[in-house]
Amino acid sequence: MEKKVYSVDGKELRTISLDDKIFGLPVNEDVIYYAITNELANKRVGTACTKTRAEVHGSNAKPYKQKGTGNARRGDKKSPIMVGGGTIFGPKPRDYSYYIPKKEKRLAMKSILSLQAQQDRLTVIEDFTIESGKTKDLVKILNNFAKDTRTVILLKDDDRLLKQAGRNLPNVHFLSYNRLRAHDLFYARKIIALEGAVQKLSDFYAKLEAE
């Protein structure tokens, strides 16, 4: 797949060949769904907690005598059917995280990248950084490609200044080529990939496939 490489000013510079093993695959919707569900499950805190009748504070005495009142029989005030009583089968703290096969996760990432490339949501631009670390300098560049839309920037390394410039932008997410997230990639309306990140992405997955 051929893609144009743009400057930070939005001008066309040259053409780059994208790896069809990453950007030209048939889209596998099933593995995309599994990868996104897995990421969301792994992010769940799992701290919801309710009290059973054994944990509710209260007396063990019967609220009234067994017979003669015309009311239903009550064991104690902590019964689940009493106001203020315990909860039956309520949530308890738990770990929602689980693992999916590595090959399945890799296929999901490549399927998402292929989908975004096919839908013309992927733009390759020359490598750049924000020396000042200021948000306004990054906004000037983003306005040439993706203005006020959910955007993912693929990085070739951990660029601290670039991330600092974008941390105040709620619609901008940064992903390193070797630490992709299916949820962010799939729901991005625009993916801006640095030219160096595209090359490193190809080398990274080629190395994984060779293992």
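The values are calculated or read from the model by the stated rules, or taken from the named source; none is laboratory data. Computed from a predicted model, the values in this text were never measured in an experiment. Virtual Cβ from ideal backbone geometry, glycine too; neighbours counted across all protein chains shown. Remember, those area values only see protein heavy atoms, side chains included, never the ligands or the DNA or RNA. Shrake-Rupley method; radii C 1.70, N 1.55, O 1.52, S 1.80 Å.
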- Among (1) more than 19 Å from Y187 (Cβ to Cβ); (2) assigned to a helix (DSSP H, G or I); (3) touching a Phe, Trp or Tyr at 6+ places or on another chain (Cβ under 6 Å), where does K103 come up short? (3)
- Taking region 89-134 and keeping residues over 30 Å from K51 (Cβ atoms) and in contact with a Lys or Arg (Cβ under 6 Å, 6 or more places away or on another chain) leaves R121, V124
- Message: Anything in region 146-156 that is in contact (Cβ under 8 Å) with a residue 24 or more places away in the chain and more than 19 Å from the chain's Cα centre (by Cα)? List them, or say none.
- Response: A146, K156
- Message: So for region 55-65 (the condition being open to solvent by 50 Å² or more (accessible area, probe 1.4 Å), of a type in the set (G, A, S) and either part of a loop (DSSP other than H, G, I, E, B) or out of contact with any Gly (no Cβ under 6 Å at 6 or more places or on another chain) (or both)), does at least one residue qualify?
- Response: yes
- Message: Within region 115-138, does at least one residue satisfy the condition of being under 21 Å from R44 (Cα atoms) and of a type in the set (F, W, Y)?
- Response: no
- Task: Sort through I130, I88 and tell me the only one that's without any contact (Cβ under 8 Å) to a residue 40 or more places away in the chain, over 30 Å from V5 (Cα atoms) and of a type outside the set (D, E, K, R).
- Result: I88
- If we ask which residues in region 84-106 are touching a Pro at 6+ places or on another chain (Cβ under 6 Å) and open to solvent by less than 80 Å² (accessible area, probe 1.4 Å), their number turns out to be 1
- Task: Hey, could you check region 161-198 for residues that are part of a helix (DSSP H, G or I) and either among the hydroxyl-bearing types (S, T, Y) or without any contact (Cβ under 8 Å) to a residue 24 or more places away in the chain (or both) and say which is nearest to N42 (Cα to Cα)?
- Result: Y187
- In this structure, is S132 of a type in the set (G, A, S) and open to solvent by 50 Å² or more (accessible area, probe 1.4 Å)? yes
- Note on the structure: For region 135-185, the count of residues that are in contact with a Lys or Arg (Cβ under 9 Å, 6 or more places away or on another chain), open to solvent by less than 40 Å² (accessible area, probe 1.4 Å) and over 30 Å from E29 (Cβ atoms) equals 2
- Task: Would you please name the residue that is nearest to Y187 (Cα to Cα), looking only at residues in region 5-29 that are outside any loop (DSSP other than H, G, I, E, B) and open to solvent by 100 Å² or more (accessible area, probe 1.4 Å)?
- Result: E29
